[in-house]
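Peer 1: Below: one structure in C-alpha coordinates.
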Amino acid sequence: MARQRAGAFIVRMEDLDRVTSSPAHEADQLASLRSIGLDWDGDVVRQSDRFDLYREAIGRLQSRDLVYECYCTRREIRLAAEAPQGSDPEGKYPGTCRHLTDQDRRALQSTGRRPALRLMSDGREESFVDTFRGTYTGRVDDFVLQRNDGVPAYNLAVVVDDATQGVTEVVRGDDLLASTPRQIMLHRLLDLPVPRYAHVPLVLAPDGSRLAKRHGAVTLDDLAQRGRSPGEVCARLAASLGIDVGGRAVMATELVHLFDPQRVPSLPWRLTPDEL
(Lines give C-alpha, C1' and ligand atoms only; values in the text may rest on other atoms or scores of the structure.)
Protein backbone atom coordinates (compact mmCIF):
# COMPACT_ATOMS: atom_id res chain seq x y z
CA MET A 1 0.00 0.00 0.00
CA ALA A 2 2.83 2.40 0.82
CA ARG A 3 4.81 1.64 -2.32
CA GLN A 4 1.76 1.98 -4.57
CA ARG A 5 1.31 5.53 -3.30
CA ALA A 6 5.03 6.35 -3.57
CA GLY A 7 5.11 6.59 0.21
CA ALA A 8 7.74 5.56 2.72
CA PHE A 9 7.56 2.18 4.45
CA ILE A 10 9.19 1.92 7.86
CA VAL A 11 10.09 -1.00 10.08
CA ARG A 12 9.95 -0.64 13.85
CA MET A 13 11.10 -3.28 16.32
CA GLU A 14 8.49 -3.30 19.09
CA ASP A 15 10.83 -4.88 21.60
CA LEU A 16 9.48 -3.47 24.86
CA ASP A 17 9.52 -6.89 26.49
CA ARG A 18 13.21 -7.74 26.87
CA VAL A 19 12.33 -11.27 28.03
CA THR A 20 10.86 -12.28 24.68
CA SER A 21 12.97 -9.97 22.48
CA SER A 22 16.59 -10.41 21.51
CA PRO A 23 19.10 -9.25 18.87
CA ALA A 24 18.93 -12.75 17.38
CA HIS A 25 15.15 -12.55 16.96
CA GLU A 26 15.47 -9.10 15.41
CA ALA A 27 18.13 -10.21 12.94
CA ASP A 28 16.03 -13.22 11.93
CA GLN A 29 12.91 -11.09 11.41
CA LEU A 30 14.71 -8.52 9.27
CA ALA A 31 16.39 -11.25 7.23
CA SER A 32 13.00 -12.88 6.64
CA LEU A 33 11.53 -9.61 5.34
CA ARG A 34 14.46 -9.11 2.98
CA SER A 35 14.30 -12.67 1.70
CA ILE A 36 10.76 -12.21 0.31
CA GLY A 37 11.62 -8.82 -1.20
CA LEU A 38 10.28 -6.45 1.46
CA ASP A 39 12.51 -3.43 1.91
CA TRP A 40 12.10 -0.30 4.04
CA ASP A 41 13.09 3.32 4.28
CA GLY A 42 15.44 4.77 6.88
CA ASP A 43 16.88 3.11 9.95
CA VAL A 44 15.08 0.48 11.97
CA VAL A 45 13.79 2.10 15.17
CA ARG A 46 13.78 0.09 18.40
CA GLN A 47 11.31 0.84 21.15
CA SER A 48 13.81 -0.36 23.73
CA ASP A 49 15.88 2.75 22.86
CA ARG A 50 13.00 5.18 23.35
CA PHE A 51 11.87 4.82 26.98
CA ASP A 52 12.66 8.48 27.71
CA LEU A 53 10.16 9.59 25.05
CA TYR A 54 7.45 7.34 26.47
CA ARG A 55 8.01 8.50 30.04
CA GLU A 56 7.92 12.13 28.93
CA ALA A 57 4.49 11.46 27.40
CA ILE A 58 3.30 9.83 30.63
CA GLY A 59 4.57 12.88 32.50
CA ARG A 60 2.44 15.14 30.32
CA LEU A 61 -0.63 13.08 31.19
CA GLN A 62 0.30 13.06 34.88
CA SER A 63 0.53 16.85 34.87
CA ARG A 64 -3.17 16.87 33.92
CA ASP A 65 -4.13 14.36 36.66
CA LEU A 66 -4.97 11.73 34.06
CA VAL A 67 -2.80 8.96 35.52
CA TYR A 68 -3.21 6.83 38.64
CA GLU A 69 -1.42 3.92 40.27
CA CYS A 70 -2.94 0.45 39.99
CA TYR A 71 -1.88 -2.39 42.28
CA CYS A 72 -4.28 -5.03 40.95
CA THR A 73 -3.06 -8.45 39.92
CA ARG A 74 -4.31 -10.01 36.69
CA ARG A 75 -6.44 -12.41 38.72
CA GLU A 76 -8.06 -9.56 40.65
CA ILE A 77 -8.80 -7.70 37.43
CA ARG A 78 -10.35 -10.80 35.90
CA LEU A 79 -12.52 -11.47 38.95
CA ALA A 80 -13.64 -7.83 39.15
CA ALA A 81 -14.61 -7.84 35.47
CA GLU A 82 -16.60 -11.05 36.01
CA ALA A 83 -18.42 -9.81 39.13
CA PRO A 84 -22.20 -9.42 38.62
CA GLN A 85 -22.18 -5.71 39.53
CA GLY A 86 -19.34 -4.96 37.14
CA SER A 87 -19.64 -7.64 34.52
CA ASP A 88 -17.91 -6.66 31.30
CA PRO A 89 -17.97 -9.11 28.39
CA GLU A 90 -14.79 -7.53 27.03
CA GLY A 91 -12.94 -7.87 30.35
CA LYS A 92 -12.00 -4.21 30.53
CA TYR A 93 -10.53 -2.76 33.70
CA PRO A 94 -13.34 -1.63 36.06
CA GLY A 95 -11.37 1.15 37.79
CA THR A 96 -10.73 -0.65 41.06
CA CYS A 97 -7.72 1.47 42.08
CA ARG A 98 -9.04 4.83 40.86
CA HIS A 99 -9.82 6.21 44.29
CA LEU A 100 -7.21 4.64 46.56
CA THR A 101 -6.21 6.75 49.54
CA ASP A 102 -2.59 7.32 50.54
CA GLN A 103 -3.17 4.84 53.36
CA ASP A 104 -4.47 2.25 50.88
CA ARG A 105 -1.40 2.69 48.70
CA ARG A 106 1.01 2.38 51.63
CA ALA A 107 -0.73 -0.79 52.76
CA LEU A 108 -0.42 -2.35 49.29
CA GLN A 109 3.21 -1.28 48.95
CA SER A 110 3.99 -2.84 52.33
CA THR A 111 3.04 -6.24 50.88
CA GLY A 112 5.61 -5.80 48.13
CA ARG A 113 3.23 -4.79 45.38
CA ARG A 114 4.50 -2.38 42.74
CA PRO A 115 2.04 -0.22 40.84
CA ALA A 116 1.30 -0.04 37.17
CA LEU A 117 0.21 3.33 35.80
CA ARG A 118 -3.23 3.64 34.19
CA LEU A 119 -4.92 6.33 32.18
CA MET A 120 -7.94 7.84 33.90
CA SER A 121 -10.36 7.59 31.03
CA ASP A 122 -13.75 9.26 30.98
CA GLY A 123 -15.26 6.10 29.49
CA ARG A 124 -16.06 7.69 26.16
CA GLU A 125 -16.36 5.82 22.91
CA GLU A 126 -13.90 6.43 20.09
CA SER A 127 -14.85 5.69 16.50
CA PHE A 128 -12.77 5.52 13.35
CA VAL A 129 -13.14 4.31 9.79
CA ASP A 130 -10.85 1.39 9.05
CA THR A 131 -9.73 0.89 5.46
CA PHE A 132 -10.79 -2.75 5.45
CA ARG A 133 -13.20 -3.12 8.38
CA GLY A 134 -15.29 0.03 7.96
CA THR A 135 -16.52 2.01 10.96
CA TYR A 136 -15.39 0.61 14.30
CA THR A 137 -16.39 1.95 17.72
CA GLY A 138 -14.99 0.98 21.10
CA ARG A 139 -15.40 2.28 24.63
CA VAL A 140 -12.07 3.17 26.25
CA ASP A 141 -11.33 1.85 29.72
CA ASP A 142 -8.59 2.83 32.18
CA PHE A 143 -5.85 1.03 30.30
CA VAL A 144 -2.21 0.57 31.32
CA LEU A 145 0.37 3.19 30.33
CA GLN A 146 3.30 1.63 32.19
CA ARG A 147 3.62 -1.87 33.62
CA ASN A 148 4.47 -2.51 37.23
CA ASP A 149 8.06 -3.35 36.24
CA GLY A 150 8.51 0.16 34.85
CA VAL A 151 8.24 -0.82 31.17
CA PRO A 152 6.03 1.49 29.08
CA ALA A 153 2.97 -0.22 27.63
CA TYR A 154 2.49 -0.98 23.94
CA ASN A 155 -0.52 1.30 23.45
CA LEU A 156 1.41 4.32 24.70
CA ALA A 157 4.65 3.47 22.88
CA VAL A 158 3.10 3.08 19.43
CA VAL A 159 1.22 6.37 19.74
CA VAL A 160 4.44 8.24 20.58
CA ASP A 161 6.35 6.41 17.85
CA ASP A 162 3.72 6.96 15.15
CA ALA A 163 3.75 10.70 15.87
CA THR A 164 7.53 11.12 16.08
CA GLN A 165 8.09 9.01 12.95
CA GLY A 166 5.46 10.87 10.93
CA VAL A 167 3.29 7.80 10.33
CA THR A 168 0.15 8.66 8.37
CA GLU A 169 -1.24 5.14 7.89
CA VAL A 170 -0.92 2.09 10.13
CA VAL A 171 -1.36 -1.31 8.46
CA ARG A 172 -1.41 -4.23 10.88
CA GLY A 173 -3.22 -7.41 11.93
CA ASP A 174 -6.85 -7.19 13.01
CA ASP A 175 -6.03 -8.70 16.38
CA LEU A 176 -5.14 -5.09 17.29
CA LEU A 177 -8.41 -3.59 16.04
CA ALA A 178 -9.94 -3.43 19.53
CA SER A 179 -6.89 -1.55 20.89
CA THR A 180 -7.18 1.24 18.33
CA PRO A 181 -9.80 3.34 20.21
CA ARG A 182 -7.38 3.48 23.15
CA GLN A 183 -4.59 4.69 20.91
CA ILE A 184 -6.81 7.30 19.27
CA MET A 185 -7.73 8.66 22.69
CA LEU A 186 -4.04 8.97 23.56
CA HIS A 187 -3.35 10.76 20.28
CA ARG A 188 -6.03 13.29 21.17
CA LEU A 189 -4.95 13.74 24.80
CA LEU A 190 -1.32 14.26 23.76
CA ASP A 191 -2.38 16.59 20.93
CA LEU A 192 -0.84 14.31 18.30
CA PRO A 193 -2.14 13.69 14.77
CA VAL A 194 -4.28 10.56 14.38
CA PRO A 195 -3.15 8.29 11.52
CA ARG A 196 -5.42 6.26 9.27
CA TYR A 197 -5.76 2.58 10.14
CA ALA A 198 -6.02 -0.56 8.01
CA HIS A 199 -6.42 -3.88 9.85
CA VAL A 200 -5.92 -7.05 7.83
CA PRO A 201 -7.04 -10.58 8.76
CA LEU A 202 -4.51 -12.90 10.34
CA VAL A 203 -3.06 -16.16 9.09
CA LEU A 204 -4.36 -18.90 11.38
CA ALA A 205 -3.45 -22.51 12.06
CA PRO A 206 -5.69 -25.30 10.69
CA ASP A 207 -7.54 -25.45 14.04
CA GLY A 208 -8.35 -21.74 13.87
CA SER A 209 -5.93 -20.69 16.60
CA ARG A 210 -3.08 -18.20 16.27
CA LEU A 211 -0.27 -19.67 14.21
CA ALA A 212 2.55 -20.89 16.45
CA LYS A 213 5.65 -23.07 16.40
CA ARG A 214 3.71 -26.04 17.72
CA HIS A 215 1.75 -26.20 14.46
CA GLY A 216 4.79 -27.19 12.39
CA ALA A 217 6.76 -25.35 9.70
CA VAL A 218 5.78 -21.73 10.30
CA THR A 219 9.06 -19.88 9.69
CA LEU A 220 10.95 -19.40 6.44
CA ASP A 221 13.77 -21.55 7.80
CA ASP A 222 11.30 -24.34 8.61
CA LEU A 223 9.80 -24.15 5.15
CA ALA A 224 13.22 -24.05 3.48
CA GLN A 225 14.00 -27.37 5.12
CA ARG A 226 10.93 -28.73 3.33
CA GLY A 227 12.19 -27.41 0.00
CA ARG A 228 10.04 -24.28 -0.18
CA SER A 229 11.94 -21.17 -1.22
CA PRO A 230 11.15 -17.65 0.05
CA GLY A 231 9.88 -16.82 -3.44
CA GLU A 232 7.41 -19.71 -3.28
CA VAL A 233 6.23 -18.57 0.13
CA CYS A 234 5.77 -15.04 -1.23
CA ALA A 235 3.70 -16.43 -4.11
CA ARG A 236 1.46 -18.24 -1.62
CA LEU A 237 1.03 -15.02 0.35
CA ALA A 238 0.15 -13.25 -2.90
CA ALA A 239 -2.53 -15.86 -3.62
CA SER A 240 -4.10 -15.15 -0.22
CA LEU A 241 -4.57 -11.54 -1.42
CA GLY A 242 -6.18 -12.57 -4.69
CA ILE A 243 -3.01 -12.12 -6.78
CA ASP A 244 -2.47 -14.90 -9.30
CA VAL A 245 1.18 -15.28 -10.29
CA GLY A 246 0.67 -18.57 -12.09
CA GLY A 247 2.41 -20.62 -9.42
CA ARG A 248 5.84 -19.10 -10.06
CA ALA A 249 8.12 -17.88 -7.29
CA VAL A 250 8.05 -14.09 -6.88
CA MET A 251 9.43 -11.31 -4.70
CA ALA A 252 7.24 -8.73 -2.98
CA THR A 253 8.62 -5.95 -5.17
CA GLU A 254 7.07 -7.67 -8.20
CA LEU A 255 3.60 -7.52 -6.65
CA VAL A 256 3.28 -3.79 -6.04
CA HIS A 257 1.53 -3.04 -9.34
CA LEU A 258 -0.69 -6.14 -8.97
CA PHE A 259 -1.89 -5.46 -5.44
CA ASP A 260 -5.50 -4.29 -5.12
CA PRO A 261 -6.63 -3.20 -1.62
CA GLN A 262 -10.24 -3.87 -2.67
CA ARG A 263 -9.42 -7.58 -2.89
CA VAL A 264 -8.01 -7.95 0.60
CA PRO A 265 -10.16 -10.68 2.23
CA SER A 266 -12.39 -9.94 5.21
CA LEU A 267 -11.86 -13.35 6.82
CA PRO A 268 -8.69 -14.96 8.22
CA TRP A 269 -6.60 -17.20 6.02
CA ARG A 270 -6.64 -20.62 7.65
CA LEU A 271 -3.75 -22.80 6.55
CA THR A 272 -4.31 -26.44 5.68
CA PRO A 273 -2.16 -29.15 7.33
CA ASP A 274 -0.23 -29.76 4.11
CA GLU A 275 0.83 -26.10 4.00
CA LEU A 276 2.69 -26.40 7.33
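Peer 1: Kindly establish whether residue 117 is touching a His at 6+ places or on another chain (Cβ under 9 Å) and either closer than 27 Å to residue 20 by Cα or open to solvent by less than 60 Å² (accessible area, probe 1.4 Å) (or both).
Peer 2: In short, no.
Peer 1: Go through segment 132-177 and report how many residues are open to solvent by 50 Å² or more (accessible area, probe 1.4 Å) and within 12 Å of the chain's Cα centre (by Cα).
Peer 2: 3
Peer 1: Select from segment 178-200 the residues that are open to solvent by less than 30 Å² (accessible area, probe 1.4 Å) and part of a loop (DSSP other than H, G, I, E, B) and write down the one among them that is nearest to residue 265 (Cα to Cα).
Peer 2: Filtering first and then ranking leaves 195.
Peer 1: Could you look through segment 46-67, keep only residues that are in contact with a Ser or Thr (Cβ under 9 Å, 6 or more places away or on another chain) and among the aliphatic types (A, V, I, L, M), and pick out the one that is most open to solvent (accessible area, probe 1.4 Å)?
Peer 2: Selected residue: 53.
Peer 1: Suppose we filter segment 222-276 for residues that are assigned to a loop (DSSP other than H, G, I, E, B), within 19 Å of residue 200 (Cβ to Cβ) and touching a Ser or Thr at 6+ places or on another chain (Cβ under 8 Å); how many remain?
Peer 2: So the answer is 1.
Peer 1: Residue 77 passes all but one of (1) at pLDDT below 95; (2) surrounded by fewer than 16 Cβ atoms within 10 Å (Cβ to Cβ); which number fails?
Peer 2: Only one criterion is unmet by residue 77, namely (2).
Peer 1: In this structure, does residue 194 turn out to be touching a residue at least 60 places away in the same chain (Cβ under 8 Å), in contact with a helix residue (DSSP H, G or I) (Cβ under 6 Å, 6 or more places away or on another chain) and within 21 Å of residue 126 (Cβ to Cβ)?
Peer 2: So residue 194 passes the test.
Peer 1: Taking residue 249, is it among the aliphatic types (A, V, I, L, M) and either open to solvent by 30 Å² or more (accessible area, probe 1.4 Å) or touching a residue at least 24 places away in the same chain (Cβ under 8 Å) (or both)?
Peer 2: Answer is yes for this residue.
Peer 1: Open to solvent by 60 Å² or more (accessible area, probe 1.4 Å) and under 30 Å from residue 50 (Cβ atoms) - does that describe any residue in segment 266-274?
Peer 2: No, segment 266-274 contains no residue that is open to solvent by 60 Å² or more (accessible area, probe 1.4 Å) and under 30 Å from residue 50 (Cβ atoms).
Peer 1: To continue, here is another question. Please go through segment 158-177 and pick out each residue that is closer than 20 Å to residue 52 by Cα and assigned to a helix (DSSP H, G or I).
Peer 2: 158, 159, 160, 161, 162, 163, 164
The values are calculated or read from the model by the stated rules, or taken from the named source; none is laboratory data. All figures in this text were calculated on a predicted structure; none of them were measured in a lab. Methodologically, a virtual Cβ is constructed for each residue, glycine included, from the backbone with ideal geometry; neighbour enumeration extends over all protein chains shown. Surface areas here come from the heavy atoms of the whole protein model, side chains and all, with no ligands, DNA or RNA. Shrake-Rupley method; radii C 1.70, N 1.55, O 1.52, S 1.80 Å.
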